[in-house]
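Below: one structure, written as structure tokens.
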């Protein structure tokens, strides 16, 4: 079957390389059937701290750039309509189900008729009076020493539970991104935390959401994709829809390790991948 890459980033997100068209061309060369463009949604929609302006420039596009981003993809959809299907998306960093999400929805609302699916991603955690904790492996020793390893997974899952309960997102990006803090080792799950994760998967199933198989973990010095093999087996058992995403930040990363990863998960019983158009989910047989 022809494959689809639903998670790509261009220079518009501030830390990707190349134009969106470069990613489209790469997908065509690699004989992909579809490519989803999912540059990072403007963080400044929820964070206007002037001291962070330069930092945020390399984390996502500016709010005023978002309409131009949508317009550019629509133009490329028309230009390449006879060669590849292009899906319009954005990776929205989840912060809170309240005020932050409301502000993000305000920016998104004029373009909802254009968007095919919305990726929801978590890149940091915070609880009560804790500081904002970036899931950066360079901070792992300090963070684990202060809070313990279980606490990081626990609070990540608590935040992911809130993301799922909003029912706003279509796809969960890099499901177990907390693994970045543990590399090159694997996290060890306590019985309580593992059960919490399984309960979360049941809720995702009930909500009809999809989870991406994000192959970028192998580029980040982890031993396999997001989610880890153990979690993917649970996802397949529950028949939760899955799709493929490279999380490409360079055009040559489009479709990264798709064939090898797909062959592996097929052995665990995966028979379909899901696709999106106009925020409608459909299953396609592998």
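Values in this text are rule-based calculations from the coordinates and carry no lab data. Since the structure is predicted, the reported quantities are computational estimates derived from the model, not experimental observations. Glycine also receives a Cβ, built like all others from the backbone with ideal geometry; neighbour counts cover every protein chain displayed.
Add -39500 (n - 2.57) for each DSSP H run of 4 or more in the chain, then divide by its residues: what number comes out at 222 nm, to the nearest 500 deg cm²/dmol? Value at 222 nm, helices only: -10500 deg cm²/dmol.
Note that the chain, at 25 °C in a medium of 0.890 mPa s, gets a Stokes-Einstein diffusion coefficient of 128 µm²/s from its Kirkwood radius over C-alpha pairs. DSSP bridge analysis restricted to the chain gives an antiparallel fraction near 30%, rounded to the nearest 5. For the pair residue 168 and residue 83, the difference between a 0.36 nm per residue extended length and the Cα-Cα distance amounts to 27.5 nm.
Taking label positions 7 Å along the Cα-Cβ direction at both residue 58 and residue 127, the computed distance is 3.1 nm, reported to one decimal.
Extending 7 Å from the Cα toward the beta-carbon at both residue 186 and residue 281 defines two label points whose distance is 2.6 nm.
Here the calculated FRET efficiency for residue 71 and residue 223, from their Cβ-Cβ distance with R0 = 41 Å, stands at 0.55, rounded to the nearest 0.05.
Show me 190-198, 67-75 ranked by packing, highest mean number of other Cβ atoms within 10 Å first. Walk me through the numbers on the way to the answer.
Values: 190-198: 13.6, 67-75: 16.2.
For the peptides 190-198, 67-75, the packing ranking is 67-75, 190-198.
Using only alpha-carbon positions in the range 6-118, the gyration tensor eigenvalues give semi-axes of 26, 15, 11 Å once each is multiplied by 5 and square-rooted (largest first). Between residue 203 and residue 48, the contour length at 0.36 nm per residue exceeds the alpha carbon distance by 52.5 nm. Let me make sure I get this right: for the range 170-211, a, b and c are the square roots of the gyration tensor eigenvalues over alpha carbons, sorted descending. Under 1.5 in a/c it's rounded, otherwise prolate if a/b > b/c, else oblate. Which is it? Because a/c hits 1.5 or more and a/b fails to exceed b/c, the range 170-211 counts as oblate.
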